[in-house]
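Below you'll find the structure, written out as structure tokens, and then a few comments.
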Amino acid sequence: MTTMTIDDFEERAMAYGADIDSWPAEDRAPARALLLESAAARTALEDARSLDAMLNLWEGPQPSTDLLSRVLADAATVSAEAQAMRREAPRAEPERPGLLGRLFGNAALLRPGLALAACLALGFVMGNTIEQDVLIGPIPTVMSEQGGVIDFAFAMEDDADLLLGSEALL
């Protein structure tokens, strides 16, 4: 059980009213505990009771019968017009699918597949042509401990010669 300050109690009393049972469940027990030990809490609850009583006496403005009848008549008119428009609205014929639509079905589902195929084709072309641009000069080499020369392979080349044989770095 958490404790409640007098400020929290006053805030909840003004927000939820004098009936502690209508407060949020987690605030009820701390409020009752504070109410037993604090005179300020009892005063705040009395203020909330008088506010509740005043609010219960207040009557809001009532619309005139003329205004009420006009609003209801307008609502009926609008409702009838909306129903008439729904009955009269011509139904649009569905569009006939084009050649791709007839061959492959729904074109909306075809577009993502075509975009993926274009990305794959571009990746293939770039992967096969980028090696010519990267390998402009001689390929760097390093001497192994056995005295042999090992070529450093790029990601596009076959790395089997580095992993196999007596001249392997591993």
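Miscellaneous remarks
- Number of positions in the stretch 12-22 that are surrounded by 13 or more Cβ atoms within 10 Å (Cβ to Cβ) and either touching a residue at least 60 places away in the same chain (Cβ under 8 Å) or in a helix (DSSP H, G or I) (or both): 5
- In the set (1) assigned to a helix (DSSP H, G or I); (2) over 30 Å from T3 (Cα atoms); (3) among the acidic types (D, E), E59 fails one condition alone, (1).
- Meets criteria (among the charged types (D, E, K, R), free of Cβ contacts under 8 Å to residues at least 40 places away in the same chain and in a loop (DSSP other than H, G, I, E, B)) for E46: no
- Residue count for the stretch 15-64, restricted to those that are among the aromatic types (F, W, Y) and more than 42 Å from the chain's Cα centre (by Cα): 1
- Note on the stretch 49-66: residues that are more than 11 Å from M14 (Cα to Cα) and touching a residue at least 24 places away in the same chain (Cβ under 8 Å) amount to 0.
- Pairs, first charged (D, E, K, R) in the stretch 23-41, second buried (at least 16 other Cβ atoms within 10 Å of the Cβ) and in a helix (DSSP H, G or I), C-beta under 7 Å, six or more apart: D27/R12; R28/I20; R32/I20
None of the figures in this text is laboratory data; all of them are computed from the coordinates on show. The shown structure was predicted, so the numbers you read here are calculated from the model rather than taken from an experiment. As a convention, Cβ positions derive from the backbone with ideal geometry for all residues, glycine included, and neighbour counts pool all protein chains shown.
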